[in-house]
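Colleague: The structure is given below, and queries will be raised subsequently.
Every number here is computed from the coordinates shown, using simple stated rules; none is lab data. Everything numeric here is computed off the predicted structure, so don't read it as measured data. Here Cβ is always computed from backbone atoms with ideal geometry, including for glycine, and neighbour counts include all displayed protein chains.
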Amino acid sequence: MSKEIRKRQRQVRREKTHAQGSRYQWIGLGALALILIAAVSFISSGSKAQPLDETRLASNPTLGPDSAKVVITEYGDFGCSSCRGWHNAGIMEQIMAMYGDQVQFVWKDFPVITTESPKAAEAGQCAFDQGKFWEYHDFLYEETYSLYEDDLKSYATQLGLDKEQFNQCLDSGQNRAKVEQSLNEALREYAFPGTPSFLVNGKKLIGPPTFEVLKSTIDSILAGG
């Protein structure tokens with residue numbers, strides 16, 4: 001093979017690599033644009049959201065004590081397949097089992113993936129009002145893929161929640177302001193590009209963390225790093 005031919009082949013490969021990189025960059029920007037459009041649509045539609053007091057707005061579903069040295073916060077979406085996959089990998093359970101009271105896990109809503117996601121987020125908060133958030137959270141990720149409103153109400157009944165209270169909460173949009181608060185944090189304060197997204201003691205992690213990444217991060221914090 002001549003030098004000219006080999007030179008031309010290397011040039012073609014470089015051009016192809018550059019084109020692919022540009023295409024992936026635009027795919028990422030496009031995905032972020034869709035998230036922003038969905039978020040703006042949800043926030044705009046919430047002008048009649050029910051007011052919540054400051055105590056409720058400050059309350060989030062948690063596992064582990066408030067005294068924990070490490071706080072892991074997930075911004076998740078019940079319609080997100082990556083969130084479902086991360087949950088079903090059991091990483092949170094492994095971390096909690098290993099570190100016990102040294103770690104607290106916090107859930108916050110980031111409902112941008114499907115048109116049903118915002119109402120599913122409200123449903124989770126309605127379950128939280130009855131002390132059943134984690135049971136409801138696990139059911140949505142482990143037992144079903146449907147997030148239609150009638151189904152969200154049916155799941156609450158199956159889990160033993162007060163049916164009338166739950167339905168009234170969901171129908172009235174009682175917790176829309178709470179969902180909007182977390183959504184605004186995810187988009188405006190942290191500029192997360194997608195779901196699930198995570199903070200550890202307020203610092204952003206890149207992508208859904210593996211057990212090894214979380215363990216290394218936690219160990220560093222506990223060691224004073």
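Colleague: Counting Lys and Arg as +1 and Asp and Glu as -1, each charge on the Cβ, what is the dipole of the range 85-225 about the Cα centre in debye, to the nearest 20?
Modeller: 520
Colleague: How far is the Cα center of the range 91-146 from the Cα center of the range 58-72, in Å?
Modeller: First find each Cα centre; the distance between them is then 14 Å.
Colleague: Still on this structure: Relative contact order, percent, of the range 72-225 when contacts are C-alpha pairs under 8 Å separated by at least 6 residues?
Modeller: 32
Colleague: Relative to the present Cα-Cα distance, how much length would full extension add between Met98 and Asp150 at 0.36 nm per residue of separation?
Modeller: 14.9 nm
Colleague: Still on this model: Can you list the HN-Hα couplings for the range 215-222, worked out from phi with the Karplus curve (6.51, -1.76, 1.60; θ = phi - 60°), rounded to whole Hz and with x for Gly and Pro?
Modeller: For the range 215-222, the Karplus curve yields 4, 4, 5, 5, 4, 5, 5, 5 Hz.
Colleague: Once amide H atoms are built 1.01 Å from N in the peptide plane, which residues 5 or more positions from Gln104, or in another chain, come under 5 Å H to H?
Modeller: Under 5 Å from the amide H of Gln104: Val70, Val71, Ile72.
Colleague: What ranking do Glu116, Glu149 get, fewest neighbouring Cβ atoms within 10 angstrom at the top?
Modeller: Ascending Cβ contact count within 10 Å gives the list Glu149, Glu116.
Colleague: For Ala58 and Gln158, what is the calculated FRET efficiency with R₀ set at 25 Å and r taken between the beta-carbons, to the nearest 0.05?
Modeller: Here the calculated transfer efficiency is 0.25.
Colleague: What list of ³J(HN,Hα) couplings, whole Hz, do you get for the range 136-145 from phi and the Karplus terms 6.51, -1.76, 1.60, once you set θ to phi - 60° and write x for glycine and proline?
Modeller: 5, 3, 5, 4, 5, 7, 10, 10, 8, 10
Colleague: Now for a separate question. What pairs in Lys163/Lys203; Lys108/Lys215; Lys153/Lys178; Lys178/Lys203; Lys69/Lys153 have C-alpha atoms more than 29 Å from each other?
Modeller: Lys163/Lys203; Lys69/Lys153
Colleague: List the residues whose amide H sits under 5 Å from the amide H of Asn60, counting only those 5 or more places along or on another chain, with H placed 1.01 Å from N in the peptide plane.
Modeller: It is none; the list stays empty.
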